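As structure tokens, the structure follows; a few thoughts come after it.
Where a number appears in this text, it was derived from the coordinates with a stated rule and is not lab data. Since the structure is predicted, the reported quantities are computational estimates derived from the model, not experimental observations. Glycine gets a Cβ as well: all are built from the backbone with ideal geometry, and neighbour counts include every protein chain shown.
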Amino acid sequence: METTEYINLENEYGASNYKPLDVVLTKGEGIWVWDVDGNKYMDCLAAYSAVNQGHCHPKILEAMTYQAKKLTLTSRAFRNDQLPLLYEELCKLTNSHKILPMNSGAEAVETAIKCVRKWGYEVKGIEKDKAEIIVCNDNFHGRTLSIVGFSTDDNARDNFGPFPPGFKIIPFGDAEALEKAITKNTAAFMVEPIQGEAGVIIPPAGYFKKVREICDKNNVVLILDEIQTGLGRTGALLAEEHEGIEADLTLIGKALSGGFYPVSAVLSNKEVLEILKPGQHGSTFGGNPLACSIARAALNALVDEGMIKNSQEMGDYFLSELKKIKNKDIKDIRGRGLMIAIEQHEGTEGGARAIAEQLQKLGILCKETHTYTIRFAPPLIIKKEEIDWALARIRMVLGE
């Protein structure tokens, strides 16, 4: 079958909840993917940072294949021999005390919401059903009903209500606004270290140090959603490291499996997760042996193969070279590690979608966000000569 035939089938039988580029991929290896017509592309999105280790990483594939032949699922009704090993390795790697495994990033967010509310009532002493969680405008934490209820993106919210109460929205990057928003009912502050879907929005230097101080002073749980920023994407294992802080709850997913399987986790200090008792929260697939085996291999690949350092070094180089591009339509070029965005002035003809489509024709796959911003987030294994290859094509499209 050819590209148009696949697209026609998808349009006929699939829900229209995505607007992908018109490329039909069939194979991936490292930073490269191929479509059904045999065309080769550099993947500069990495499945929204789920494929940090590169497509079809051989060691993760080996772990998945071995475990799939041995034992895939037990539910949490029984123990398995992979979950405790993942617990130990992940705790040591991230300096966490407790872990709760889930499947998707949105499930990890929902888990955190439940846990901090329960902690608020049973430990902090918040009046029943009055707990509040503070979030930021332009946030993206997932697509469940409660999560879109505190989104400020009208397209995500419209006609999906009524929404659960208990959330307060403040500006991102404004520590003073956080302090003013806290009340006796505030259980937690949930925030992305860098807002990815909003267009790689980086807060002011020192912001998270102040946030940590404010949360400590007011007995508020700090939740960092590192589902997109975590596991090497920003040039550190976790983005919180850039300001030398530690969250009370950290949410990871995406690259936790290297793109092989849905795996997420809530990392915590002892106090918050120990609030849960048997039967109060769970998941049939969360913590299954196949997922745990894959996650262990994915973490080992990140660390053992120097991907985190490579992300920092190659990200610095990529960003510095992109900033040399002169184009009257470019408003800003920003990033950290291999999480980079080019923002156009509002009203630029064609917007970022037109840039993505032009780059596709030149062999680069990336994606627009919020109309006028395009992101570059290749797998963390990318090399300097491969970045140079991409830069030459990006300059062809964006160079003045």
Worksheet, complete the sentence: the chain: antiparallel bridges as % of DSSP beta bridges, rounded to 5, reads 65 percent
Worksheet entry | On Cα atoms only, tilt of 307-322 relative to the major axis of the chain in degrees | 50 degrees
Practice prompt. Would you mind checking which residues have amide H under 5 Å from D332's amide H? H placed 1.01 Å from N; only 5 or more apart, or other chain.
Written response: E343
Response to the item:
Percent relative contact order for the range 58-304, counting Cα pairs under 8 Å at least six residues apart, stands at 32 percent
Discussion item. Springs between alpha-carbon pairs under 10 angstrom, Gaussian network model over the chain: which of Q53, Q312, Q280 fluctuates most?
Written reply: Q280
Worksheet item: With labels modelled as points extended 7 Å from the Cα through the Cβ direction, what inter-label distance (nm, one decimal) is found for I169 paired with H345?
Response: 2.9 nm
Worksheet entry | Sequence-distant lysines (8 or more away, or on other chains) whose Cα lies within less than 21 Å of K70 | K59
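Could you give the dipole magnitude of the range 1-88 about its Cα centre, charging the beta-carbon of Lys and Arg +1 and that of Asp and Glu -1, in debye to the nearest 20? Write out the running numbers ahead of the final one.
Numbers: 8 positive and 12 negative charges, 128 e Å.
So the dipole magnitude of the range 1-88 works out to roughly 620 debye.
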Response to the item:
the chain, Gaussian network, Cα under 10 Å: of G286, G125, G38, the residue fluctuating most is G38
Worksheet item: What angle do you read, to the nearest 10 degrees and between 0 and 90, between the alpha-carbon axis of helix 384-398 and the longest principal axis of the chain?
Response: 70 degrees
